[in-house]
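Enquirer: Below is the structure I would like to discuss, written out as C-alpha cells.
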Amino acid sequence: MDVNTLAIRNNILKLAGPAILEMTLHTLVWTVDTAMIGRLNPASISAVSLGAQMMFISMAIFGSIGIGATAMVARNVGAGDLERGRKVAAQALSMGIVISILLSSVGMIFSKEIFSFVVDDPQLISYGSVYLRYVLIGGFFLIPLGVSNAILRGAGNTIIPLKAALFANLFNIIGDYVLIFGKWGFPQLGVKGAAIATGLAQMLGAFISLYYLFSGKYGIKVNLKELFILDKEILSKLFRLSIPAAFEITMNDGSRLLSSFWIAKLGTVHFAANAVAVAAESISFMPGYGFAIAATTLMGQSLGAKDVDVAHKSTMKSMQYAVILMGIIAVIFLTIPRLIMSLFTSDQKTLLLATQCIRVGALEQIPIAIAMVISGALKGAGDTKGPFYISLATNLGVRLPLIFMIVFFWKLSIVYVWVATALQFTLEALLMTWRYRRGKWKTLELG
C-alpha cells in the first residue's frame, strides 16, 4: 500500500468511525426512549412517536442548510482559505438560528391545531400537543446543533459531533427516567417529562457543538459578530446547494410516511411485521451513514485543494468499506433472520412475516451502501440536484407505484413491499453511479 493510499484510508476511518458511533448513539437513545414510553398507555406511546417524528422530519428538511454548509466549508478548508470558510460557517449558522426560531415558534403556538389536523382521537391530540409544545423548547436549538455539526464535519472534525451526541443522549436517557416516572424527588410528568428531557438534551448538545465552533479549538472558528453581518453572495450559494437537499429529504420521508399509511391497510400483523423489520434494518445503515460523511468531507476538501485524483480515490475507498461492512450485515440477515427478529417480537405470526422481510432486506444492503456513499460524494462536490432528481425518480417511478399496486390491487403480503423497496434501492445505486461516472462533479465551482 503506497503512502497516498494509506493516508486516504486513515482519513476515511478517522471521519467515518466517530460518525458511525454518533448515529448508533442516536438510535440507541431512541430505542431506550421508546421502551420507557412503552410503559405508559397506548395514547402516550402514539403521541410521543408521532410528535417526535413531526419535529425531527421538519427540522431535517428546514435544517438542510447544513448540507450546503458542509460542502462549502470543506471546499474552502481544502483550498486553505479558512477566512472564507469561517464566513460561510457564520452565514449558515445565522440562517439555521433564524429558521429554528421561526419553525419552533409556529410549532409551539399551533401544536394543538397541528395534531388535530393529523389525528381525530381527543386523548392523542391532548397528549401530542403537550409533547410538541414542550419538546420544541429544545427545537430552538436543534437546527443550530445540526448546522454546527455539519460545519465541523466539513472542516474534517467528526469527534465533536460525537461528543455532543454522547453527552446529550446520556442526559436524555437519565432525564427520561427521572421525569417520566418521577424519580429522585422529581414529579412524575409522563409525556411532558419525555418532552422536557428531549428538549433539554438538544440544548445541551447544541451548547457543546457551539462552544467548540466559537472557540476554534478544533477546526474552524466562527466569530459571534459575523452572525449578524449578512453576505448575500454566500447565502445565495448556500441556498442553491441546500434547497435540492431539502426537497430530497422531503421526498424520501414523505414517501416512507405515505407507504406506512398504505401498509396499514394490509392489517395489524403485516404493519407490525414491517415496523419491527424496519427497526432491525435501521441499525444496518450506520456504516453507510458514516462512510457517506467521510466521502462528503474528503470530496469537498480534495476539490478545494484541486486534487481530483484524491477526491475520486477517497470516494471509491469509502464505498468499498461501506460495501464490505453492509455486505457482512446482508449475510447475517440471510442466515439468522429469525434469531434477529425474535429480539424485537414474540408474536409468532409477526415473527414469521418479519423474518421473511428482513431476509429480503439483505438484498438491499449493498445497493444502499453504494447509493449513500456516492450521494455523499456528489453533495460534497456541490451536486445536490443529482441525488434529489434520483430520489424523485426512484420514489415516484418505482417505490410508490409498486407499493400502491401491491396493497390495493394485487393485495399481496408485506414481504412484496420489501421486494419493491429492494428494487428501488438497486435502481438508486445504479443511477447514483451513473451520475458520478459522468464526471461533472469534477468541474463544479462553489466559492
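The values are calculated or read from the model by the stated rules, or taken from the named source; none is laboratory data. Note that the structure is predicted; figures quoted are calculated from it, not measured. FYI the Cβ positions are ideal-geometry reconstructions off the backbone, even for glycines, and counts take in every protein chain you see. Just the protein is used for accessible areas: all its heavy atoms, side chains included, with ligands, DNA and RNA removed. Shrake-Rupley method; radii C 1.70, N 1.55, O 1.52, S 1.80 Å.
Enquirer: In the list L257, L325, L334, L303, which residue meets the criterion of being under 23 Å from K385 (Cα atoms), among the aliphatic types (A, V, I, L, M) and open to solvent by 60 Å² or more (accessible area, probe 1.4 Å)?
Expert: Exactly one of L257, L325, L334, L303 is under 23 Å from K385 (Cα atoms), among the aliphatic types (A, V, I, L, M) and open to solvent by 60 Å² or more (accessible area, probe 1.4 Å), namely L257.
Enquirer: What are the residue pairs meeting all of these: first residue in segment 399-415, first residue farther than 15 Å from E428 by Cβ, second residue among the polar types (S, T, N, Q) and surrounded by 15 or more Cβ atoms within 10 Å (Cβ to Cβ), Cβ atoms under 7 Å, and 6 or more apart or on different chains?
Expert: I403/S259; I414/N274; V415/Q356
Enquirer: With (1) part of a helix (DSSP H, G or I); (2) more than 22 Å from L392 (Cα to Cα) as the list, and K221 as the residue in question, which single condition is left unmet?
Expert: Condition not satisfied by K221: (1).
Here is a yes/no grid of residues against (1) touching a helix residue (DSSP H, G or I) at 6+ places or on another chain (Cβ under 9 Å); (2) aliphatic (A, V, I, L, M); (3) closer than 29 Å to W441 by Cβ:
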{"position": "L298", "(1), (2), (3)": "yes, yes, yes"}
{"position": "K306", "(1), (2), (3)": "yes, no, yes"}
{"position": "D309", "(1), (2), (3)": "yes, no, yes"}
{"position": "V323", "(1), (2), (3)": "yes, yes, yes"}
{"position": "M326", "(1), (2), (3)": "yes, yes, yes"}
{"position": "S342", "(1), (2), (3)": "yes, no, no"}
{"position": "A354", "(1), (2), (3)": "yes, yes, no"}
{"position": "R359", "(1), (2), (3)": "yes, no, no"}
{"position": "Q365", "(1), (2), (3)": "yes, no, yes"}
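Enquirer: Exactly one of (1) modelled with pLDDT of 85 or more; (2) of a type outside the set (K, R); (3) open to solvent by 10 Å² or more (accessible area, probe 1.4 Å); (4) part of a helix (DSSP H, G or I) is unmet by G80. Its number?
Expert: Result: G80 fails condition (4) only.
Enquirer: Is it true that some residue in segment 309-321 is of a type outside the set (G, A, S), more than 22 Å from the chain's Cα centre (by Cα) and either buried (at least 24 other Cβ atoms within 10 Å of the Cβ) or over 19 Å from R438 (Cα atoms) (or both)?
Expert: Looking through segment 309-321, none of the residues is of a type outside the set (G, A, S), more than 22 Å from the chain's Cα centre (by Cα) and either buried (at least 24 other Cβ atoms within 10 Å of the Cβ) or over 19 Å from R438 (Cα atoms) (or both).
Enquirer: I would also like to ask the following. For residues that are modelled with pLDDT of 95 or more and among the aromatic types (F, W, Y), scanning just segment 379-409, find the one that is farthest from F291 (Cα to Cα).
Expert: Among those that are modelled with pLDDT of 95 or more and among the aromatic types (F, W, Y), it is F404.
Enquirer: Moving to a separate point now. With respect to the numbered conditions (1) in contact (Cβ under 8 Å) with a residue 40 or more places away in the chain; (2) open to solvent by less than 10 Å² (accessible area, probe 1.4 Å); (3) under 25 Å from A71 (Cβ atoms); (4) out of contact with any Ser or Thr (no Cβ under 8 Å at 6 or more places or on another chain), which one is the sole condition not fulfilled by I374?
Expert: (4)
Enquirer: So, in segment 377-391, of the ones that are open to solvent by less than 10 Å² (accessible area, probe 1.4 Å) and not in a loop (DSSP other than H, G, I, E, B), which residue ends up nearest to M319 (Cα to Cα)?
Expert: A377
Enquirer: Could you grab me the full set of residues in segment 291-308 that are under 18 Å from the mean Cα position of the chain (by Cα) and hydrophobic (A, V, I, L, M, F, W, C)?
Expert: Listed by number, the residues that qualify are F291, A292, I293, A294, A295.
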